[in-house]
Amino acid sequence: MTKISVRVDQENVTDDVEPRMLLVQYLREKLGKTGTVIGCDTSNCGACTVHLNGRSVKSCNVLAVQADGGVVDTIERLADDDGTLHPVQVAFRECHGLQCGFCTPGMIMQSVDLLNENPDPTEEEVRLGLEGNLCRCTGYHNIVKSVLYAAELNKRGANA
Ligand code: FES
Ligand code: FES
C-alpha cells in the first residue's frame, strides 16, 4: 500500500492505496464520488474525465498515486456551494446537450478545460477539443452548441 494525500473537490484526503489503483477507482470506490463514471476499459470514451492540477485527464488513465500531492476536481464540485450551476452546466441544460447523460460529467469537465484554454473557440475548435469524449447517444450537435453557448455566457459574466 502507498500513502497518498490529495485535495479532492476542495477537501484534503489521505489514504493508503494499492499502487495499481486507478484514479477513477479511487474517486468512486474510496471517496464515493460516483459522479465520475466509467464508460469503457480502453481509455477511449472520456466519461471519467476530471481535472488534475487544473487540466483535464481521463482518470482511468492515471494512477491514484500519480495524484499524490495534487489537486483533483470532479463534476461534483463544479456548481457553487449554494447550488448555482457553472456556466457550462447551464449551457448543457439550456441547449439540451445531453440525452441519457452518461457521457455528460466527462463532457462538461473537458469543456471547462477547453474554455479555460480557449475562451472563444470556433465550432471546429470545440469539436477538436472534445474529440476524446464519446457520446453513445451521438448528440454531438447539441453538445457543441452547449460549449459555444457557455463561451457566450462566460463573456457576458466577464462583462457584467
Ligand atoms: S472510462 Fe476513462 S476513457 Fe472511458
Ligand atoms: S448523452 Fe448518452 S452517452 Fe452522451
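The values are calculated or read from the model by the stated rules, or taken from the named source; none is laboratory data. Predicted model only: the values in this text are computed from it and were never measured. Virtual Cβ from ideal backbone geometry, glycine too; neighbours counted across all protein chains shown.
Of all residues in region 7-29, those being closer than 14 Å to SER59 by Cα and crowded, with 16+ Cβ neighbours inside 10 Å number 9. Taken as a whole, region 35-44 holds at least one residue that is within 13 Å of ligand 1 (Cβ to nearest atom), in a loop (DSSP other than H, G, I, E, B) and among the acidic types (Asp, Glu). All conditions in (1) acidic (Asp, Glu); (2) within 16 Å of the chain's Cα centre (by Cα); (3) within 16 Å of ligand 2 (Cβ to nearest atom) hold for GLU76, with the sole exception of (3).
Filtering region 55-88 to residues that are in contact (Cβ under 8 Å) with a residue 60 or more places away in the chain and farther than 18 Å from LYS30 by Cα leaves PRO87, VAL88.
Has region 75-98 got any residue that is within 16 Å of ligand 1 (Cβ to nearest atom), outside any helix (DSSP H, G or I) and closer than 15 Å to THR49 by Cα? No. In region 30-52, the residues that are touching a residue at least 60 places away in the same chain (Cβ under 8 Å) and over 23 Å from GLU117 (Cβ atoms) reach residues that are within 13 Å of ligand 2 (Cβ to nearest atom) and among the basic types (Lys, Arg) with C-beta atoms within less than 9 angstrom, at least six apart or across chains, in these pairs: GLY39/ARG136.
For region 46-60, a residue qualifies if it is under 12 Å from the mean Cα position of the chain (by Cα) and either near ligand 1 (Cβ under 7 Å from one of its atoms) or over 16 Å from PHE102 (Cβ atoms) (or both), and the qualifying residues are GLY46, ALA47, CYS48, HIS51, LEU52, GLY54, ARG55, SER56, VAL57, LYS58, SER59. Of all residues in region 117-132, none satisfies being assigned to a helix (DSSP H, G or I), of a type in the set (A, V, I, L, M, F, W, C) and within 16 Å of ligand 1 (Cβ to nearest atom). Filtered by the rule that a residue be more than 19 Å from HIS96 (Cα to Cα) and either assigned to a helix (DSSP H, G or I) or at pLDDT 95 or above (or both), region 133-160 gives LYS155, ARG156, GLY157, ALA158, ASN159.
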